[in-house]
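Input: a single structure, listed below in structure tokens.
The values are calculated or read from the model by the stated rules, or taken from the named source; none is laboratory data. Just so it is clear, the model here is predicted, and its values are computed rather than measured. For neighbour counting, all protein chains shown are included, and Cβ atoms are generated from backbone atoms with ideal geometry for every residue, glycine included. All accessible areas refer to the heavy atoms of the entire protein, side chains included, with ligands and DNA or RNA removed. Shrake-Rupley method; radii C 1.70, N 1.55, O 1.52, S 1.80 Å.
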Amino acid sequence: MLLRGARILIIGGTRFIGRHTCLAALAAGAEVTLFNRGQSPSDWLAAHPGVHQVHGDRDDPAALGRAFGQDYDAVYDMIAYRPEEIRPLLSPPYAARIGHLVVCSTTSVYAPALYQPIDEAHPRGPHPAWGDYNKGKNAVEDMLAAAQGVRATVLRPQWVFGAHDYQQLAAFYLMRLAAGLALWIPHAGVAQLNWTYGPDLAQAFLGVTGLPEAAGHAYNVCCDETLTTDGFVRLCAQVLGVPADIRHYRPEELLGELRGQRVGPVRNLPLACSAERIKALCAFRPTPMAEALVRTADWLRETGAFDAEPSTPVEEYLNARI
Ligand SMILES: NC(=O)c1ccc[n+]([C@@H]2O[C@H](COP(=O)([O-])OP(=O)(O)OC[C@H]3O[C@@H](n4cnc5c(N)ncnc54)[C@H](OP(=O)(O)O)[C@@H]3O)[C@@H](O)[C@H]2O)c1
């Protein structure tokens, strides 16, 4: 679909993934409306006076009504975690006013995998490690799959990283490496993962928009490279031009209040994914991981984030042991 002049509503478009998507949609010439509560900092929008903002809670019917002051060629829902949240978009009067609904889900909807890598044919289902997040996202996807008369597409990113990532998924590793600190990795560091670069996910939203063949389908969105945890850390070190001081530990050794805690934000849940389906559908081409990490590191440098380096309690414990 030609995005120039397309009217796009982004529900939750100010913080991380939504922010990248908003900027990508603007760059493509779309007319963007953002719907959010107004709690996340949005001073960056001052540089984009053409963006229309509606403030309100998505659970408030009156606020949702204000967001639908016009029809939209596409609605990007960044923050549907429960079926109650998505239901109004699939019902009158809004369903008929949305040309294409694209919903941000997650690869955490998949049931535990017997084999890897997995693609979209792998069954969704309960996953003990993901609890309510998995249940809520699956319920949202169930509702989308059952919806009649709505053109809806689901995107499933994995661990998302890049500029503005408040969870600091990749930044956690980059910051420690830049500071010359040891990185503690669970077990032998061989768990395999794919990552999703935030700006790539934004391109996936744009890429599927308006494609009739995308309706009723879900797509994994991730970088091509499947990396072990150690491999990811080594790649981070390589792009920074520093040595990687990797140390392994056994999470079972953590006792007392450290039990169940992890060193950093990324969980030790191996999942190798394939994004070949969306690559076959549209022009989506993921950024090479090394390049995405360089850009993330550049952003951390520019924002001074390399200077902030608190240790997590598990790191303090492990560092004290050596
Ligand atoms: N980060 C990852 O690694 C990852 C991986 C897989 C999937 N995902 C998926 O990515 C999505 C999260 O994206 P994100 O990290 O960009 O989200 P986020 O940073 O938490 O942004 C949330 C956005 O939604 C707005 N918002 C929050 N609650 C709202 C409400 N009740 N009503 C209206 N607006 C609301 C926020 O603005 P205000 O605070 O101003 O309201 C903000 O614009 C989720 O669907 C998640 O499942 C993320």
Could you rank the peptides 80-91, 133-144 by their average count of other C-beta atoms within 10 Å per residue, with the highest value first? 133-144, 80-91
With every protein chain left in place and a probe of 1.4 Å, what is the accessible surface of Asp57, to the nearest 10 Å²? 60 Å²
Built amide H within the under 5 Å cut-off of Ala218, gap 5+: Val154
Quote the Stokes-Einstein diffusion coefficient, in whole µm² s⁻¹, for segment 165-210, based on the Kirkwood radius over alpha carbon pairs, a temperature of 37 °C and a viscosity of 0.692 mPa s. 247 µm²/s
How big is the Kirkwood radius of segment 46-172, worked out from every pair of different alpha carbons and given in Å to one decimal? 16.4 Å
For segment 7-321, report the accessible area per residue in Å² (1.4 Å probe, heavy atoms, rounded to an integer). 43 Å²
When the Karplus curve 6.51 cos²θ - 1.76 cosθ + 1.60 is applied with θ = phi - 60°, which whole-Hz ³J(HN,Hα) does each residue of segment 208-216 get, with x for Gly and Pro? 7, 4, x, 7, x, 6, 7, 5, x
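Given R₀ = 41 Å, FRET efficiency for Ala146-Arg262 by Cβ-Cβ distance, to 0.05? Mind dumping the intermediate values first?
Values: r = 36 Å, r/R0 = 0.88.
With R0 = 41 Å, the Cβ-Cβ based efficiency is 0.70.
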Consider a paramagnetic label point 7 Å from the Cα of Arg247 along Cα→Cβ; state which residues of segment 284-322 have an amide N under 14 Å from it. 311-322
Residues with amide H under 5 Å from that of Val54, placed H, sequence gap 5 or more: Leu34, Phe35, Asn36
In 10 Å bins starting at 0, how do the alpha-carbon pair distances of segment 39-96 split up by percent? 18, 51, 27, 4
How big is segment 232-287 by the Kirkwood estimate over distinct Cα pairs, in Å? 15.1 Å
Here FRET efficiency (C-beta to C-beta, Arg97 to Arg301, R₀ 56 Å, nearest 0.05) is 0.80
Could you give each residue of segment 221-233 its phi-based ³J(HN,Hα) in whole Hz, using Karplus coefficients 6.51, -1.76, 1.60 with θ = phi - 60°, and x for Gly or Pro? 10, 7, 6, 5, 6, 9, 10, 6, 4, 4, x, 4, 5
Residue-averaged 222 nm ellipticity for the chain, from DSSP H runs of 4+ at -39500 (n - 2.57), nearest 500: -9000 deg cm²/dmol
For segment 120-146, list residues with backbone N below 15 Å from a point placed 7 Å from the Cα of Leu211 toward its Cβ? 120
Return the whole-Å distance between the Cα centroid of segment 277-313 and the Cα centroid of segment 27-89. 25 Å
Given Cα pairs under 8 Å that are at least 6 residues apart, what percent is the relative contact order of the chain? 18 percent
Once you have all Cα-Cα distances for segment 7-321, histogram them in 20 Å bins from zero and send the whole-percent values. 31, 57, 12, 0
For Leu271, residues with placed amide H under 5 Å, excluding near neighbours: Gln192, Leu193, Asn194
Peptides 158-166, 122-130 ordered by average Cβ neighbours within 10 Å, highest first: 158-166, 122-130
With θ taken as phi - 60° and the coefficients 6.51, -1.76 and 1.60, list the Karplus ³J(HN,Hα) couplings across segment 76-86 in order, rounded to whole Hz; mark glycine and proline as x. 9, 9, 7, 10, 8, 10, 9, x, 4, 6, 8
Carbon and sulfur: what percent of the chain's accessible surface (1.4 Å probe)? 53 percent
Between segment 99-116 and segment 153-228, what's the alpha-carbon centroid distance in Å? 13 Å
Between Gln116 and Gln53, 0.36 nm times their residue separation minus their Cα-Cα distance comes to what? 18.5 nm
How compact and how long is segment 83-126, expressed as Rg and Dmax of its alpha-carbon atoms in Å? 14.7, 43
